[in-house]
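Let me begin by presenting the structure, written as structure tokens, before commenting on it.
The values are calculated or read from the model by the stated rules, or taken from the named source; none is laboratory data. Remember, predicted model here, so these are calculated numbers, not experimental data. So basically every Cβ, Gly included, is an ideal-geometry build from the backbone, and we count neighbours across all protein chains shown.
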Amino acid sequence: MAKFDVAVTVRLQSEVNDPQGLTIQSAVSTLGFCGISNVRAGKVIEFQIDASSIDHAKQTVEQLSNNLLSNPVIEDFEYDISIATSDTS
Amino acid sequence: MKACVLVFPGSNCDRDSYHALNVAAGFETQYRWHEETDLSGFDLIVVPGGFSYGDHLRSGAIARYAPVMKGVSEEASKGTPILGICNGFQILLEAGILPGAMLRNTQVSFRHQWVTLRTETTSTPFTSNIDRSCLLRMPIAHGEGNYFASKDITEQLQHNDQIVFRYCDSEGNATDSSNPNGSVSNIAGICNATRNVLGMMPHPERASELVLGGTDGSLLWGSLAEGL
């Protein structure tokens, strides 16, 4: 068994309107920052997972992301996975 | 008529719904806790509004996996009328019992106000007794009520007569300014293909007695009672 660090990033699909991103964009302009466009907001979910191999870990991460962490109707996800640097359990 | 109101951790319209069904509509009503799985024997199941599981992750995302949703799915397939109000609608969407998803309101803010609704179809057990020429008034109270579905799904909903309520102005026109949250096609409520599951963002249970400011919500209870 090995322990892996995982960070799943969930974003609204590009064709889905993003009210949060638009609001942040508006604040960016109000604050006077120039040249910043196409702001999109998402979320990152971090966790650790025990698995016999990185492939098994990836399989579980993808199932979890499809079934719970993201809503495939409106969101896409991607993830980073690496051998855990510290065991915080 | 026997009704039940589901209760999740974080539901906060469960008592309003119970009161509306029990007192205003005169239905024999019971609560059903989220850990139960058998919902058989009821003529109506209400998935109430609120903030189930704190709305964490996405509204309804955690509640859809509660044990009681097994019973909801079973009863949905058996044809039992199921009404999801506000967070209840969000839960039914997350569970895939109804198509589409909810986004944050386009204004990002929480919207709480009375809205005007146009009934788009009377071919459901919830709206069979409603005169389509009369507009309805009900309150909304939500931060994520911006209904989204792909163009294909929206066209399919329209084609199959599954759009049940639309936000509209006082003349019955579904305009941008009468759309309180940015919902695609001004959609306020939809039903499933077999027409026994209705999800809606407005709160009929908060418009079931004059003292609350309106009774249009009772038209749904009347339709359900007459259908039995």
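Kindly provide the set of residues from the stretch B:197-212 that are touching a helix residue (DSSP H, G or I) at 6+ places or on another chain (Cβ under 7 Å) and either without any contact (Cβ under 8 Å) to a residue 24 or more places away in the chain or of a type outside the set (Val, Ile, Thr) (or both), ordered by number.
Matches in the stretch B:197-212: B:199, B:200, B:201, B:204, B:205, B:206, B:208, B:209, B:212.
Consider only pairs whose beta carbons are under 7 Å apart and that are at least six residues apart or on different chains; among these, list those whose first residue lies in the stretch A:48-69 and is free of Cβ contacts under 8 Å to residues at least 40 places away in the same chain and whose second residue is of a type in the set (Val, Ile, Thr).
From the stretch A:48-69, the pairs are A:58/A:81; A:60/A:49.
List the helices (runs of 4 or more DSSP H) that sit entirely inside the stretch B:1-114 and contain at least 1 residues that are over 17 Å from the mean Cα position of the chain (by Cα) and buried (at least 17 other Cβ atoms within 10 Å of the Cβ).
Because the criterion is at least 1 residues that are over 17 Å from the mean Cα position of the chain (by Cα) and buried (at least 17 other Cβ atoms within 10 Å of the Cβ), the helices (runs of 4 or more DSSP H) in the stretch B:1-114 that meet it are B:68-78.
Could you tell me whether residue B:163 is more than 10 Å from chain A (Cβ to nearest Cβ) and touching an Asp or Glu at 6+ places or on another chain (Cβ under 6 Å)?
Taking the combined requirement at face value, the residue satisfies it.
For residue B:156, are the conditions met, namely being crowded, with 19+ Cβ neighbours inside 10 Å, free of Cβ contacts under 8 Å to residues at least 60 places away in the same chain and not small (Gly, Ala, Ser)?
Judged against the criteria, residue B:156 is not a match.
When the residues of the stretch B:95-107 are narrowed to those that are touching a Gly at 6+ places or on another chain (Cβ under 7 Å) and within 18 Å of residue B:162 (Cβ to Cβ), which ends up farthest from the other protein chains (Cβ to nearest Cβ)?
B:98
Yes or no, residue by residue, for (1) under 19 Å from the mean Cα position of the chain (by Cα); (2) modelled with pLDDT of 95 or more; (3) more than 14 Å from every other protein chain (Cβ to nearest Cβ):
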residue: B:139; (1), (2), (3): yes, yes, yes
residue: B:146; (1), (2), (3): yes, yes, no
residue: B:155; (1), (2), (3): no, yes, yes
residue: B:180; (1), (2), (3): yes, yes, no
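Mind counting the residues in the stretch A:1-22 that are in a helix (DSSP H, G or I) and either aliphatic (A, V, I, L, M) or facing chain B (nearest Cβ under 9 Å) (or both)?
Going through the stretch A:1-22 one residue at a time, the tally reaches 3.
Just the residues that are more than 10 Å from the chain's Cα centre (by Cα), under 16 Å from residue B:89 (Cβ atoms) and outside any strand (DSSP E or B), please, taken from the stretch B:182-204.
Within the stretch B:182-204, B:182, B:183, B:184, B:185, B:186, B:192, B:195, B:196 qualify.
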